[in-house]
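Some notes on the structure that comes next.
The values are calculated or read from the model by the stated rules, or taken from the named source; none is laboratory data. None of these values were measured; they are calculated from a predicted model. FYI the Cβ positions are ideal-geometry reconstructions off the backbone, even for glycines, and counts take in every protein chain you see. Ligands, DNA and RNA are excluded from the accessible area calculation, which covers all protein heavy atoms including side chains. Shrake-Rupley method; radii C 1.70, N 1.55, O 1.52, S 1.80 Å.
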Amino acid sequence: MNIKIRSIINIFTILDGEINILLKNNEYIIVDCFDNLEKINDEYIANNLKITNLNLKQCHTFSCKDEDEFKIDVLYIGVVNANDIKLDNNFIFVPISSCNIKESFLNIGLEYLKKELSIYGNIKKIYNNEFSLPEIQKIFEFILEKKIDRRNFRKKLIKMDIIESLEKIDYNKKGRPAKLYKLKSKDDDFILI
């Protein structure tokens with residue numbers, strides 16, 4: 001009986017205030033593994049996405065048996081700033097709200113992502129430049145799975161001392177112009193929520 005081992009790689013980012021997943025030809029990034037999983041994943045990401053030091057986290061293992069083959073799929077997730085990736089025509093970020101790919105990989109990846117996004121360092125990876133409060137509020141609402149009052153959210157971020165105003169206004173988004181902020185540099189990683 002043959003054994004087939006594959007990595008399923010979910011790379012998430014935020015674009016236009018919405019969580020996106022990186023797909024290759026409108027499918028998951030799937031890497032056949034014949035050696036050390038982490039090494040193969042790192043090489044694939046470095047060669048195809050030109051990213052080094054992407055911190056992929058293993059979050060789930062699936063297995064099934066076909067007629068003459070035993071398959072093991074290992075699900076990994078990572079978070080990136082979309083500006084750090086140079087994509088070719090095969091790769092595209094797709095909003096999760098419009099994905100039509102196998103749901104089990106996506107749902108398990110999203111549950112794990114919620115835990116990862118509650119860590120300050122991972123939010124900082126995605127928002128390493130500037131953002132409006134409504135943009136980052138959407139992420140917190142995704143993590144908490146509930147609506148957050150806009151005024152209380154702003155007060156909480158200020159009280160946590162994790163944002164600073166850039167004294168800039170973004171006029172390019174739909175709706176009212178929004179004040180822009182950036183995350184402060186912190187030496188330690190901590191849980192936001």
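Rounded to 0.05, the FRET efficiency of the R151 and N25 pair, given R0 = 30 Å and the Cβ-Cβ distance, is 0.10.
In whole percent, and with a 1.4 Å probe on the protein chains, what portion of the accessible area of the chain is carbon and sulfur?
Working: 5280 of 11460 Å².
Reported share for carbon and sulfur atoms: 46 percent.
Kindly state, to the nearest 0.05, the FRET efficiency for D42 paired with E111, given R0 = 30 Å and r defined as their beta-carbon distance. Efficiency, rounded to the nearest 0.05: 0.80. Extending 7 Å from Cα along the Cβ direction at R176 and again at K159 yields two label points whose distance is 2.2 nm.
At 222 nm, what value in deg cm²/dmol follows for the chain if DSSP H runs of at least 4 each add -39500 (n - 2.57) and the sum is divided by all its residues, to the nearest 500? Write out the running numbers ahead of the final one.
Details: 5 runs with 58 residues, N = 193.
Value at 222 nm, helices only, nearest 500: -9000 deg cm²/dmol.
Treating only the Cα positions of segment 81-193 as identical point scatterers, give the base-10 log of I(q)/I(0) from the Debye formula at each q in 0.20 Å⁻¹. At q = 0.20 Å⁻¹ the computed log10 ratios are -1.32. Averaged over its residues, the chain has an accessible area of 59 Å² per residue, based on protein heavy atoms and a 1.4 Å probe. Computed over the chain with a Gaussian network model linking Cα atoms closer than 10 Å, the most mobile of E67, E164, E43 is E67.
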